[in-house]
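All remarks here apply to the structure that follows.
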Amino acid sequence: MSIFLTSLISGAEVAAQAARQAQQTSQVTQTTNLIQTDVAYLREEVERLSLLNQALWELLRERLKLTDADLEQRAQEVDLRDGIPDGKMRKHPLRCPKCGRVSNSRHRRCLYCGLEFQGDIFG
């Protein structure tokens, strides 16, 4: 093979590699932009939900004469429903003994038939 053909093949390989790298860079940029958009949306959603929670708490406190201690106690009770005091609500599927349908464990009763769960529903 002549030097000319060898350099043409090498040049084509370099160009193909550069095109692949440009495509990968473009994909990474698109992914990064999507992630940034998702994070911005989630921040706005958290701020909106925080505002609504604060408004709800103030309404409940005023109208039902509850205290911040009442809220804190209930938050701790809800936190402990999954058996882990971590400040989070974990979701566990739960099969209703009456209708057999699966409900979210955050609820004290079956969403489908209304059966109130007895005892530790997270075990």
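Here are some notes:
- Residue within the range 41-56 that is out of contact with any Gly (no Cβ under 7 Å at 6 or more places or on another chain), outside any helix (DSSP H, G or I) and of a type in the set (Lys, Arg) present: no
- Scanning the range 96-119 for residues that are among the basic types (Lys, Arg), within 18 Å of Glu77 (Cβ to Cβ) and either in a loop (DSSP other than H, G, I, E, B) or at pLDDT 85 or above (or both) turns up Arg106, Arg108.
- Test: residue in the range 82-95 that is part of a helix (DSSP H, G or I) and either surrounded by 10 or more Cβ atoms within 10 Å (Cβ to Cβ) or modelled with pLDDT of 90 or more (or both): yes
- Residues of the range 41-81 classified as surrounded by 10 or more Cβ atoms within 10 Å (Cβ to Cβ), of a type outside the set (Val, Ile, Thr) and within 22 Å of Arg109 (Cβ to Cβ), total: 9
The values are calculated or read from the model by the stated rules, or taken from the named source; none is laboratory data. Please read these numbers as outputs of a predicted model, since none were measured by experiment. Cβ atoms come from the backbone with ideal geometry, glycine included; neighbour counts cover every protein chain shown.
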